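Inspection log for the structure reproduced underneath, given as structure tokens.
Values in this text are rule-based calculations from the coordinates and carry no lab data. Nothing here was measured: the structure is a model prediction, and the numbers come from that model. Every residue, glycine as well, gets a Cβ built from its backbone with ideal geometry; the counts of neighbours run over all protein chains shown.
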């Protein structure tokens, strides 16, 4: 082996490059297999239930609190200029453009990403994935494609739900302090929002959903070293997906700004 | 009781392994293994832990690829098959895992239905139920049909694992440490089940083990994996009729000399 390749730093770089190549292969395999039959419709629906329906209580609470807290935090600044009447417009833009998809993605990273990482990791180390493989089933299709599709479908729906709950939480705060009626509040909310804002929410949520699913599956599918490996898979699924969600948020905001201009 | 092997067709190898080597990094696990499994035969592979016994059956089922050498299963070259053809071949191979590898989130019924529903899509609900109940009955665990794997004992899990592989009516069975971690009575039951499976379903089997009682009661022929190669082959008595320091401790430990 060349001397340079034996340096610790070079080994780290080598490992990182190998990991990146593996991730690339994993993502490409997803896109290759997603269009090929058999389509695991039942499993996709079951996963949508797990990802979407079972996340509703947590998403409801978080969305509601986000709406209330954001409104309460924004009020003093607007009050200084006597502009509290702008609160509904400000809140709607903030929630629909940024907060709803981001909060949903972060909650899903923690709840769904770790669950997928741990579930697949545990299946991997107990040879359940091998058992599927030898019984003539394509485990990638059954386990990975179904879960990634489920997160890609469910996170946008959950994001709209978070937006609705957040706007309602904000309404309660606005109604209490500014005495604004339900109708006036929502008239101002919808007046401020453009189609591009809604498109931005959908785009972000789809990208975030795909990221959470694929990262969780990748970590779980490649876990090793027994129960320690399962824990690491769940942990990395959360850390990596949260990190990537923030990077994607920055990139998508730039794209949307360019479209707006 | 050592089996007689009268039903074996020695003219037809169902698995042929030629010159297979496999390494993991610097660890050379298999170093040029040659082996045949004949139709109707129970072949026991003995060896110490970590000598590559499980690797060998994973290579045969296509879960791993050999570094060099060739593996032919039922007339097909495993490493030359595409995904679809490999999946078709695997339907003829039953693989019983060391830890059973039952799907934790499914009931026993769902575990057994899983390969059936996926591979025989034209089966009616009634036919699926009948198949599931038949194989569960064959392993004596029909009463566990609605239980979760976590509610079963180690021996029951092994039996359900074997039942799940039998449901596709395989021609070849690969058993990875079928008696590992079980009490002696359950070991005897599992050994009996392996022989029953061979007789009822006319399978040819490779049994990976380091349990000599298991080897003696199920094996038509025994091969011993030593330092990555098959160094001894024959009946139970032939294998252990030696002063080889790598072989004798096996016998002495198992039969408490």
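Once you've got the GNM for chain A with C-alpha springs shorter than 10 Å, pick whichever of A:74, A:135, A:55 has the biggest mean-square fluctuation.
Comparing A:74, A:135, A:55 in the GNM, the peak value goes to A:135.
Taking the alpha-carbon centroid of each part, what is the distance from the stretch B:38-75 to the stretch B:139-202 in angstrom?
Here the two parts' Cα centres lie 20 Å apart.
State the three equivalent ellipsoid semi-axes of the stretch B:162-242, derived from the C-alpha gyration tensor as the square roots of 5 times its eigenvalues, in descending order and whole Å.
So the three semi-axes of the stretch B:162-242 are 22, 15, 12 Å.
Nearest 10 degrees is fine. How inclined is helix A:56-80 to the longest principal axis of chain A, computing both from alpha carbons?
Roughly 40 degrees between the two axes.
Defining a contact as two alpha carbons under 8 Å apart and six or more residues distant in sequence, what relative contact order in percent does chain A show?
Taking the mean separation of contacting Cα pairs over the length of chain A, I get 31 percent.
Can you give the Rg and Dmax of the stretch B:40-83 based on its C-alpha atoms, in angstrom?
Rg, Dmax (Cα atoms, Å): 11.7, 33.
Per residue, what volume in Å³ does the convex hull of the Cα atoms of the stretch A:27-111 enclose?
Per-residue hull volume (Cα only) is 125 Å³.
Would you please give the FRET efficiency between residue A:260 and residue A:9, computed as 1/(1 + (r/R0)^6) with r the Cβ-Cβ distance and R0 = 45 Å, to the nearest 0.05?
0.55
Could you give me the percent of Cα pairs per 5 Å distance bin for the stretch B:102-169, shortest bin first, beginning at zero and ending with the bin that holds the maximum distance?
Percent of pairs per bin, in order: 3, 20, 34, 25, 13, 4, 1.
Once the Cα atoms of helix B:184-201 and of chain B are each reduced to a long axis, what angle between those two axes, in degrees from 0 to 90 to the nearest 10, is obtained?
Relative to chain B, helix B:184-201 is tipped by roughly 70 degrees.
Mind checking Rg over Rh on the protein assembly as shown, alpha carbons, Kirkwood formula for Rh?
Taking Rg over the Kirkwood Rh, I get 1.11.
For the stretch A:1-151, restrict the atom set to alpha-carbon positions and state the Rg and Dmax in Å.
Spelled out, the Cα radius of gyration and Dmax of the stretch A:1-151 are 22.6, 71 Å.
Most exposed first by the Cβ proxy, i.e. fewest other Cβ within 10 Å, how do B:166, B:182, A:58 rank?
Going from sparsest to densest Cβ surroundings: A:58, B:182, B:166.
Per-residue Cβ counts within 10 Å, from other chains only, averaged over A:135-142: what number is that? Intermediate results must be reported in sequence, preceding the final value.
Working: counts 17, 13, 7, 4, 0, 0, 0, 2.
Shielding by partners across A:135-142 averages 5.
Please sort B:196-203, A:104-111 by packing, taking for each peptide the average over its residues of neighbouring beta carbons within 10 angstrom, highest first.
A:104-111, B:196-203
What does the average come to when, for each residue of peptide B:111-120, you count the partner chain Cβ atoms lying within 10 Å of its Cβ?
Going residue by residue through B:111-120 and averaging, the value is 3.
Can you give me the relative contact order of chain B as a percent, contacts being Cα pairs under 8 Å and 6 or more apart?
27 percent
When the helix-only estimate is applied to chain B (DSSP H runs of n ≥ 4, each -39,500 (n - 2.57), divided by the residue count), what is the mean residue ellipticity at 222 nm, nearest 500 deg cm²/dmol? Could you put the intermediate results ahead of the total?
Numbers: 9 runs with 92 residues, N = 257.
Result for chain B: -10500 deg cm²/dmol, rounded to the nearest 500.
Stretch residue A:247-residue A:187 to full length: gain in nm at 0.36 nm per residue minus the Cα-Cα span?
Value of the extension gain: 18.3 nm.
Give, in whole angstrom and from largest to smallest, the semi-axes √(5λ) of the equivalent ellipsoid of chain A, with λ running over the eigenvalues of the Cα gyration tensor.
The answer is 40, 21, 16 Å, longest axis first.
Which order do A:36, A:132 fall in if you start with the one that has the fewest other Cβ atoms within 10 Å?
If I rank by nearby Cβ atoms, fewest first, I get A:36, A:132.
Per-residue Cβ counts within 10 Å, from other chains only, averaged over A:124-132: what number is that?
So the per-residue partner count for this stretch is 6.
How would you rank B:121, A:232, A:32, going from fewest to most other Cβ atoms within 10 Å of each one's own Cβ?
The most exposed by this proxy come first: B:121, A:32, A:232.
What's log10 of I(q)/I(0) for chain B at q = 0.07 Å⁻¹, Debye sum over Cα points only, no solvent?
Relative scattering, expressed as log10 I(q)/I(0), comes to -0.24.
For the stretch B:1-107, count the residues as N, evaluate 2.2 N^0.38 Å, and divide the Cα radius of gyration by that value, please.
1.16
What order, most packed first, do the peptides A:180-187, A:236-243, A:12-19, B:171-178 have when packing is the mean number of other Cβ atoms within 10 Å of each residue?
Result, highest mean Cβ count within 10 Å first: B:171-178, A:236-243, A:180-187, A:12-19.
With just the Cα atoms of the stretch B:210-257, tell me how far they stretch along each of the three principal axes, in Å, largest first.
Principal-axis extents of the Cα atoms in the stretch B:210-257, largest first: 25, 24, 17 Å.
What's the extension gain from residue A:199 to residue A:157 if we count 0.36 nm per residue and subtract their Cα-Cα distance? Please report the intermediate quantities before stating the final value.
Details: separation 42, 0.36 × 42 = 15.12 nm, distance 1.31 nm.
Here the segment from residue A:199 to residue A:157 would lengthen by 13.8 nm.
For chain A, what is the mean residue ellipticity at 222 nm derived from helices alone (per DSSP H run of n ≥ 4: -39500 (n - 2.57); sum divided by total residues; nearest 500 deg cm²/dmol)?
Working: 11 runs with 204 residues, N = 261.
It lands at -26500 deg cm²/dmol.
Roughly speaking, what is the centre-to-centre gap between the stretch A:3-58 and the stretch B:106-122 when only Cα atoms are used, to the nearest Å?
With the stretch A:3-58 and the stretch B:106-122 each reduced to a Cα centre, they are spaced 26 Å.
Hey, got the Cα dimensions of the stretch A:109-261 along the principal axes, in Å, largest first?
For the stretch A:109-261, the Cα spread along each principal axis is 63, 36, 27 Å.
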